Every structure is written in structure tokens, then in C-alpha cells.
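Enquirer: Encoded as C-alpha cells, here's the structure I'll be asking about.
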Amino acid sequence: MFYPFDYTFILLIPALILAFYAQSKVKSTYATLSKKRSRAGLSGFEVAQQLIQQNNLSLRVEETPGQLTDHYDPSREILRLSTGVARGGSIADYSIAAHEVGHALQKREKYGAFALRSILVPVASIGSQAAFPLFFIGLIFSFRFLMDIGIIFFSLAVLFQVVTLPVEYDASRRAYAALTNSGIVAVDEQPDIKKMLNAAALTYVAATAMAALQLLRLILLRQSRD
């Protein structure tokens, strides 16, 4: 959101560059590695099931429409894989399926950051939706208390992003360990698994940087009204 004669948007430029780079990196990495079929000959769906079995998890795997819509639903214990990943048999598909299993391992082992993020989900959702309208109204009509409430709400969304960062990196670490220990991927395929997981994690770094700089921008705008 940009305001007339507002030069604080310059703060967002580094985060925007990082975001574009992260998106292009994950897309190009996925495009390259999705063409590399694993010698295991399994689908992403089968890999997820095998990892679930090997790690004694009680999860149901489902196929969900869309591209890269993969996610783990901890409330229902369902691991949802996008059609491409579920039916694909590439290194990229294996990496994504294993990453979602990594989140299930976090829940079972009561990983603190994962538990905290689950608590923050509804609060962060409300905060991110309400923050800018409140702040914008406060800025236009010089209602400082509304600006302050907007900043507080957006701070909750930033906190969620900060907590999400270690959660995603830890899930990728668990995914890599699960895949390499499972015997599903060959030794020479492991560097590509790590490459895919690292590229995906970079998008969360960009999102966190963008949220933090946006919060700083709101604070500077608020101070300009004093």
C-alpha cells in the first residue's frame, strides 16, 4: 500500500528484489528438477506413504488440485499433495512430499516453533487482514490510536512470519534426513534434494524480510504524524 508523497516505500525495494529472486529461484529449480526422474520409480504419493510408514506416523495422504498447493493439515492429520507432486516421480516431487512429512514429524515430536505457529495462525490471519485498513483510516483522518492498533495487528503477522522461518527450515532438515535414511533416493540424487529444499526455504526468508520492512515502514509513517 502506497500513500501520496510517501517515500518510505524505498525500504521495501531490497525485500521486493529478494522476493522476486526467491520466486524465480524456486520456480527454475522446480522446473529443472521436475524433469529429473528418480531411479526409485515411485510417485510423490507413494514416497509420502512410505515415509509415513517408516516413521510410524498416522496420516492420510490426499491429492489436492492446483500447482504447489501441498500442505500438511495438523488438525485433521491429512497430508495433501498437489496433483503434479502426487503423480510425479521426480526429485522435486520427492522433496516436496518429504517436506510435508517433515511437518508431521514436528507435530509428533512437539517441536516448539511448530506448536507456536499453530497457535498464531488465527491471530495472524485476523491481524494481517485488519492492520492496513485500520492504519490507512488512521493515517487519512489523523486518528493516531487507529494507526497504533494497525501496527499492533500487523506486528502479530510479522511474528507469525518470524516463527514460520525456523519451522520451514527444520521441516526441510527433517525431510532431507527422512529421504536419505529411507533408501528411496540414491546417493548421487541427494544433492538435488537439498537444492530443491533450500530453494523453497528461500521464499520464507523473502516473506519474513518483506513483513519486517513493511512493519518498519508503518512505524515511520506513524512517527511522521507526531
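The values are calculated or read from the model by the stated rules, or taken from the named source; none is laboratory data. The model shown is predicted, which means the values in this text are computed figures rather than measured ones. For neighbour counting, all protein chains shown are included, and Cβ atoms are generated from backbone atoms with ideal geometry for every residue, glycine included. Ligands, DNA and RNA are excluded from the accessible area calculation, which covers all protein heavy atoms including side chains. Shrake-Rupley method; radii C 1.70, N 1.55, O 1.52, S 1.80 Å.
Enquirer: In region 54-108, which residues are open to solvent by 10 Å² or more (accessible area, probe 1.4 Å), under 21 Å from Gly183 (Cβ atoms) and not in a helix (DSSP H, G or I)?
Expert: Result: Asn55, Asn56, Leu57, Leu59, Val61, Gly88.
Enquirer: Does Leu139 satisfy being open to solvent by less than 40 Å² (accessible area, probe 1.4 Å), in contact with a helix residue (DSSP H, G or I) (Cβ under 7 Å, 6 or more places away or on another chain) and more than 22 Å from Lys195 (Cβ to Cβ)?
Expert: yes
Enquirer: Of all residues being among the small types (Gly, Ala, Ser) and not in a loop (DSSP other than H, G, I, E, B) in region 36-53, which is nearest to Ser172 (Cα to Cα)? Just the residue, please.
Expert: Of everything passing the filter in region 36-53, Ala48 is nearest to Ser172 (Cα to Cα).
Enquirer: Let me ask something additional. Scan region 3-16 and give yes if some residue there is surrounded by fewer than 19 Cβ atoms within 10 Å (Cβ to Cβ), within 21 Å of Ala92 (Cα to Cα) and either within 19 Å of the chain's Cα centre (by Cα) or at pLDDT 95 or above (or both), otherwise no.
Expert: No, there is no match, as no residue in region 3-16 is surrounded by fewer than 19 Cβ atoms within 10 Å (Cβ to Cβ), within 21 Å of Ala92 (Cα to Cα) and either within 19 Å of the chain's Cα centre (by Cα) or at pLDDT 95 or above (or both).
Enquirer: Now for a separate question. So which residues in region 129-144 are in contact (Cβ under 8 Å) with a residue 24 or more places away in the chain, part of a helix (DSSP H, G or I) and either more than 15 Å from Arg217 (Cα to Cα) or of a type in the set (A, V, I, L, M) (or both)?
Expert: Filtering region 129-144 down to residues in contact (Cβ under 8 Å) with a residue 24 or more places away in the chain leaves 131-132, 135-136, 139, 142, 144.
Imposing the further condition that a residue be part of a helix (DSSP H, G or I) reduces the set to 131-132, 135-136, 139, 144.
Residues satisfying the conditions are Ala131, Leu139, Arg144.
Enquirer: A further question on this structure: Within region 145-160, how many residues are touching a Leu at 6+ places or on another chain (Cβ under 8 Å) and free of Cβ contacts under 8 Å to residues at least 60 places away in the same chain?
Expert: Number satisfying all stated conditions: 7.
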